[in-house]
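Below you'll find the structure, written out as structure tokens, and then a few comments.
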Amino acid sequence: MQTKTKVFVGVTAAFLLVIAGEFAYIHHKNNEEVPVTKSTAGEPSVDPDDNVFLKKMYPSTLKDERELIGKTIWVSAAAQLDYYQYANHKADYAHPVTTLPGAEPLIVTGVFEQVPPKTGRPVMRISAGQRHVLLSFTLPHSSDPKAEYAVPVGNFDNGSYTFLTDNIFFYDDPHKLYDFWGPAMWAHIDKHEPAIGMTENEAMMSLGQVMVPHGDKIGERTVTYDNNGKPITLDFRHGKAISITHDAQ
């Protein structure tokens, strides 16, 4: 049996595809303008997700990153980031809590550096470098909104910093950015559950971006989402989910 490879999909790539249209003007041979009806036959339809403006900070220093302290940010890299208990300015790498779900709000309380362990479970998405850069934060929607946690968001290596916060967080509430998804669909996403009628982007926000696609054409294929070790398969046709299967583990 061929081994399937999980695909980690960056949300930036999923939501930043821009399709540009071209406008043509046709003139009469004697330069008199003639009304022209634009034909849309054969033109690709534009996904409204692609037109959403996603703010970027382009941090390059710790000072830049510390501008997030006190602010609320939201997870875009759904189910790709382990987070940890935080105490005494350290993350407990030995005991990850779980992964951060899509659209989850975080209130940033601090920015700090820590050398990650050389053994044990690897940290997804964030290269170790010489030391990690981490955010400490609270989860306002959790059962204990005062508890603090930590998540790596970059590293220091070879004399320079690399930060991935632009790629793994929204700086604006995705419920407002994608308000056209509608309150009913957002209710499913906030519960991190699948729903008939979901698009692939909505399913990734709900179930996470660790997935195995069975086919190349988005919206016309079957996709299995790891869903934090509880696989769920959605069958998409004409851009929408038409069936849901909770896979046996």
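Every read-out reported here was derived from the displayed coordinates using simple, explicitly stated rules and does not represent laboratory data. What you are looking at is a predicted structure, and each value in this text was computed from that prediction instead of being measured. A quick note on method: Cβ atoms are made from the backbone with ideal geometry, for glycine too, and the neighbour counts reach across all protein chains shown.
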Give, in nm to one decimal, the length gained when the segment between K146 and H95 is fully stretched (0.36 nm per residue of separation minus the Cα-Cα distance). 16.4 nm
Can you list the residues, at least 5 places off or on another chain, whose amide H is less than 5 Å from the amide H of L81, using H built in the peptide plane? L100
Rule-of-thumb Rg ratio for the range 62-170 [Cα; 2.2 N^0.38 Å; N residues]: 0.97
The residues H141, H192, sorted from fewest to most surrounding Cβ atoms within 10 Å, come out as H141, H192
For the range 199-211, what does the Karplus curve 6.51 cos²θ - 1.76 cosθ + 1.60, with θ = phi - 60°, yield as ³J(HN,Hα) per residue in whole Hz, taken in order and with x for Gly and Pro? 7, 5, 5, 5, 5, 5, 5, 7, 9, x, 9, 8, 8
Between the alpha-carbon centers of the range 158-180 and the range 210-237, tell me the distance in whole angstrom. 24 Å
Mind listing which trypsin sites (Lys or Arg not before Pro) in the range 93-165 are in a DSSP loop and have 13 or fewer other Cβ atoms within 10 Å? K118, K146
Step through the table entries K71/K217; K71/K230; K55/K217, compare each Cα-Cα distance with 30 Å, and write down the pairs that go over it. K71/K217; K71/K230
Neighbouring Cβ atoms within 10 Å as the yardstick, rank I189, I244 fewest first. I244, I189
Net charge of Cβ neighbours under 15 Å - reference Y171; Lys, Arg +1; Asp, Glu -1: -2
Leading residue at positive end of dipole, the range 62-170 (Cβ point charges), from G159, L106, S142: G159
Within 13 Å, Cβ to Cβ, of F156, how many net charges do the neighbouring residues add up to if Lys/Arg are +1 and Asp/Glu are -1? -2
